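Taking it in order: structure first as structure tokens, then the write-up.
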Amino acid sequence: MISPNTTRRIGVVPVPIFVALIAIFDVILPTSVAASVAFNPLLVFAMLQTLFLFGTAVVVAYISLKSYLSGGSRTILLLGSGTLAWGFASMVAGWLLGPPGGPGALFASLFYIASATTTMRSGSTRDSKSRKSKLLLAYGGAVGFLVALTVFALLGATPAFFVPGAGSTLLRQVVVAAGLFMFSASSILFMRLYHDSRSGILFWYSMALALTTVGLGAFYFGRTVGDPIAWTGRIATYLGGIYSSIAIWSAIRGSHGSPAGPVSASV
């Protein structure tokens, strides 16, 4: 079998590759060429968002739910909530509201930051009776907020973040920048924790967040919707979704339901 260290070294490789591809496209891709090779069928985009971001988020959220109820780790609860929020926001963006990376990304990033700081404090909930209520509050709050935001957006009760034919508004650029910073900070925090604990879940979540950061960062370099830079960023975020599934699975394999498991898995 391949050792965990070898697997993790391989897992790091896509991050600099995606960064290099975005940089290369940014240098060699004129706007006129980018527009001519843009590929953005809405149905394909929506299906990819649903499969790779929402689909993996549901898997992660379910496994996190089971793990939290058995072990009480607040880290797992917040990771599950953040992943569910990001996946739900990405799916909605794909089917209804245009490019992802707006308020949903910023909202999800808050869960990741909270999860990283909770891990640093080794927090857990020992009272099993209160776990269900906290789980309902976290998951229900994450989905409920985004559902409400979606409804308000469809009703035109929120500021415009994306204008068809014109592109992203200044407000969305600011929101994306804030989300980008939070995802990046979360990735760095998890990687610092990984260097101390050598935990599988911390490594893979750090990489998942790094890939998502790269994907969101591609937004600022794209020439037009669906150009090679945009697709490079999208593929990076889709791989990030897969990495988050690997992360939570590594925790379950290593923990066997113990409260300390989430930060001790070695996959």
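The values are calculated or read from the model by the stated rules, or taken from the named source; none is laboratory data. Note that the coordinates shown come from a computational prediction; the quantities given were computed from them, not determined experimentally. Glycine also receives a Cβ, built like all others from the backbone with ideal geometry; neighbour counts cover every protein chain displayed. Please note that ligands, DNA and RNA were not included when accessible areas were found on the heavy atoms of the full protein model with its side chains. Shrake-Rupley method; radii C 1.70, N 1.55, O 1.52, S 1.80 Å.
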Pick from region 59-72, criterion more than 17 Å from the chain's Cα centre (by Cα) and either aromatic (Phe, Trp, Tyr) or open to solvent by less than 30 Å² (accessible area, probe 1.4 Å) (or both), ranking: nearest to ILE242 (Cα to Cα): SER67
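Kindly indicate the residue of region 219-240 that is small (Gly, Ala, Ser) and crowded, with 22+ Cβ neighbours inside 10 Å and also farthest from ARG8 (Cα to Cα) among those meeting that condition.
GLY222
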One residue from THR75, THR56, THR50, THR83 being open to solvent by less than 50 Å² (accessible area, probe 1.4 Å), closer than 19 Å to LEU180 by Cβ and polar (S, T, N, Q): THR83
Scope region 188-219; condition more than 23 Å from SER64 (Cβ to Cβ) and free of Cβ contacts under 8 Å to residues at least 40 places away in the same chain; matching residues: HIS195
Residues within region 168-218 that are touching a Pro at 6+ places or on another chain (Cβ under 7 Å), buried (at least 23 other Cβ atoms within 10 Å of the Cβ) and not β-branched (Val, Ile, Thr), tallied: 2
Hits in region 2-22 (condition: part of a helix (DSSP H, G or I) and without any contact (Cβ under 8 Å) to a residue 24 or more places away in the chain): ASN5, THR6, ARG9, ILE10, PRO16, ILE17, ALA20
Residues of region 1-19 classified as over 13 Å from PHE203 (Cβ atoms) and among the β-branched types (Val, Ile, Thr), total: 4
Residue in region 156-167 that is at pLDDT 85 or above and either over 21 Å from the mean Cα position of the chain (by Cα) or more than 21 Å from LEU110 (Cβ to Cβ) (or both) present: no
Checklist (1) aromatic (Phe, Trp, Tyr); (2) more than 18 Å from the chain's Cα centre (by Cα); (3) surrounded by fewer than 18 Cβ atoms within 10 Å (Cβ to Cβ) applied to PHE25, failing item: (3)
When residues of region 30-47 are limited to those that are open to solvent by 60 Å² or more (accessible area, probe 1.4 Å) and not in a helix (DSSP H, G or I), the one modelled with the lowest pLDDT: PRO30
Filter result for ARG223 (in contact (Cβ under 8 Å) with a residue 40 or more places away in the chain, assigned to a helix (DSSP H, G or I) and not acidic (Asp, Glu)): no
Count - residues of region 12-22 that are surrounded by fewer than 17 Cβ atoms within 10 Å (Cβ to Cβ) and under 14 Å from MET191 (Cα atoms): 1
